[in-house]
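Some notes on the structure that comes next.
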Amino acid sequence: MFCFQCQETVGGKGCERVGVCGKSGAVADAQDRLIAALKEIAITREPTLELGRFVVKALFTTITNANFNEAAINALTAEANALVDRDKLPSPAPLGVLAEQNEDVRSLKELLIYGLKGVSAYAEHALALGYEDESIYAFVFKALASTTRETTVDAMLPLVLECGDVAIAAMATLDKANTETYGAPEITKVKLGVGSRPGILLSGHDLRDFQELLEQSRDAGVDVYTHSEGLAAHYYPQLKAYAHLYGNYGGAWHKQQQEFASFNGAILMTTNCLTPIKDEYRDRIFTTGPVSYPGVPHIADRPVGGAKDFSAVIERAKSCPPPTPLEDGELIGGFAHDQVFSLADAVIEAIKSGKIKRFVVMAGCDGRHKSRDYYAELAKILPKDWVILTAGCAKYRYNKLSLGEIEGTGIPRVLDAGQCNDSYSLALIALKLKEVFALDDINDLPLSFALGWYEQKAVAVLLALLKLGFKNVRLGPTLPAFLSPNVIKVLVEKFNIMPTSDPESDLKAMQAGL
Ligand code: SF4
Ligand code: SF3
């Protein structure tokens, strides 16, 4: 195996024996074979709706912390192989990351493929709600095929940047799907404590899974809690209308081994991030969609026109004791674009009167490494008249710190738009501010970045931000292992991408406008 697709890769270089994430060599190799088969589909077939949907689903399956099941991946590869038009295949697609010898070309090819994985995740969530954009499938095919044909940096770079456009399209489609289906997110207080009934814990990003489970469990005598990226479900009017959607339990994905144990109830993983399953909750965890784990029951896809059947999850929960409390209090979120636009006058007034001096985008992913304390430390030392804009699970490093409000305005200092895909909302908010203040360049806004990245959806979000014209994006806790020194040089020259440093130095740089 060789894998370096996530931030936690061994030694900041690559996982070669077993993944830090828990992925075995056999699963990594199976994923490589699946990616090669998808490339062969892309080379030999036109991107029809049916093929596009399949390729996107399969790409999503290979995202970090989703699928640990070699048999499930092999089944997808067999399906993929049957879709390849062998008569049109000039030669087998290269197998594995290291098949590309040139370090810089390899870097751009993998950057593109990881961007596609993120795009695919968002496209798949939108499709679950009946929304899709065919141009995304066309690009996915073109991009996958390019990785088998192109041999130069000059040929690959434009495709990587184009992937940013496609990531914007994917996030826009998902935003439309989520808001048209479940209503525009509203400012919402979410409970952190627990009730006295047995619970079901929903993790991952798939809102349709959440809604169907909420509907099916409404009279079952159980409470439903969210975990990690599930938190955003509370912000949607049509989801928060379920009285038994009780609150949020725990923090970001990497704490799940302790938190799933103390939750005591049934757990449903709808997407990443899943970590290796512990015995304490092995008999009460379920997977669905792209997630799979050996020996764990998997809730099947929904039949055409129907819903998934979550009765096994609900039945399992009924016999469980209620969750052990972890904390008390509440979180506030739901600051997606519509909600912030409706507060626009107050925000603009606060900027004009000097009550808000700067925005810092601290969105993205959380992760295991201690170095991510950086984000908590930075949040603590930011001036009281600075606002943090966030989306994704990165916020769990600082969203329980009671950072307060902007004095005299009632505007919280942490504005959480929702899941990582809701970074789209943050970009729309920034574009709106640019318009209101009649700026020519978005980089003239009083706005800094301290993004955290971990998996491949963050890659798609980053490419989208670059495409939207944002410069000076600070990325941490380390730069991706898959970026070669020369590719980093290009990104620095074109976009002034920079690694996070220590909180004090970064604060100084932000105060100086970076
Ligand atoms: Fe290693 Fe990350 Fe790949 Fe897992 S996903 S094998 S931790 S690089
Ligand atoms: Fe988190 Fe996995 Fe990326 Fe959706 S849940 S942001 S890491």
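The values are calculated or read from the model by the stated rules, or taken from the named source; none is laboratory data. This is a predicted model, so every value here is computed, not measured. Note: ideal-geometry Cβ built from the backbone for every residue, glycine included; neighbour counts use all protein chains shown. Surface accessibility is based on the protein's heavy atoms, side chains included, excluding ligands, DNA and RNA. Shrake-Rupley method; radii C 1.70, N 1.55, O 1.52, S 1.80 Å.
Miscellaneous remarks
- Of the DSSP H helices in the chain, those that are both long (alpha-carbon extent of 24 Å or more along the helix axis) and hydrophobic (Kyte-Doolittle mean at least -0.5) are 25-44, 103-128, 153-182.
- Here the relative contact order of the stretch 1-69, from alpha carbon pairs under 8 Å that lie six or more residues apart, stands at 29 percent.
- Length-normalised contact order for the stretch 1-136 - Cα pairs under 8 Å, 6+ apart - percent: 29
- In the stretch 263-360, GluC sites (Glu not before Pro) in a DSSP loop with at most 15 other beta-carbon atoms within 10 Å: Glu327
- Over the Cα atoms of the stretch 130-226, the radius of gyration divided by the Kirkwood radius equals 1.18; this is the Rg/Rh ratio.
- Straight-line cross-link reach from Lys494 at under 18 Å between alpha-carbon atoms covers these lysines, not counting any fewer than eight positions away in the same chain: Lys467, Lys471.
- Largest first and in whole Å, the equivalent-ellipsoid semi-axes of the stretch 158-282 read 27, 20, 12, each the square root of five times a Cα gyration tensor eigenvalue.
- Exposure rank, largest accessible area first [Ser120, Ser353; 1.4 Å]: Ser353, Ser120
- Placing His244, His298 in order of accessible area, with the largest value first and a 1.4 Å probe, yields His298, His244.
- Computed helical MRE - 222 nm, the chain, DSSP H runs ≥ 4 contributing -39500 (n - 2.57), nearest 500: -13500 deg cm²/dmol
- Whether the stretch 421-501 is rounded, prolate or oblate, judged on the alpha carbon gyration tensor where a/c under 1.5 counts as rounded: prolate
- Segment Ala346-Asp85, length gained on full extension (0.36 nm per residue, minus Cα span): 88.1 nm
- Taking all protein chains as shown and a probe of 1.4 angstrom, Phe263 keeps an accessible surface of around 0 Å².
- Protein accessible area in the chain, 1.4 Å probe - carbon and sulfur %: 51
- Rounded Å value of the spacing that divides the Cα centres of the stretch 348-381 and the stretch 270-340: 29
- For the stretch 20-87 and the stretch 215-268, distance of Cα centres in Å: 30
- Taken over the stretch 1-107, the convex hull of the Cα atoms encloses 106 Å³ per residue.
- Bridge type composition, the chain - antiparallel percent by DSSP, nearest 5: 20
- For Val18, the solvent-accessible surface computed with a 1.4 Å probe is close to 80 Å², ligands and nucleic acids excluded.
- Cα gyration tensor of the stretch 211-348 - equivalent ellipsoid semi-axes, whole Å, descending: 27, 19, 15
- Of interest is the spacing of the C-alpha centroids, which for the stretch 106-184 and the stretch 435-514 amounts to 20 Å.
- Overall Cα dimensions of the stretch 41-175, principal axis frame, Å, largest first: 40, 32, 30
- Amide H partners (placed H, <5 Å) of Thr226, local residues excluded: Leu202, Gly247, Asn248, Tyr249
- Cα pair distances exceeding 37 angstrom across the chain, given as percent: 25
- Among the listed pairs Lys39/Lys457; Lys400/Lys432; Lys384/Lys432; Lys176/Lys308; Lys142/Lys457, those whose Cα-Cα separation exceeds 26 Å are Lys400/Lys432.
- Rounded, prolate or oblate (a/c below 1.5 giving rounded, otherwise prolate when a/b exceeds b/c) for the stretch 239-318 by Cα gyration tensor: oblate
- Averaging the sequence gap over all C-alpha pairs within less than 8 Å and six or more residues apart, then dividing by the number of residues, gives the chain a relative contact order of 17 percent.
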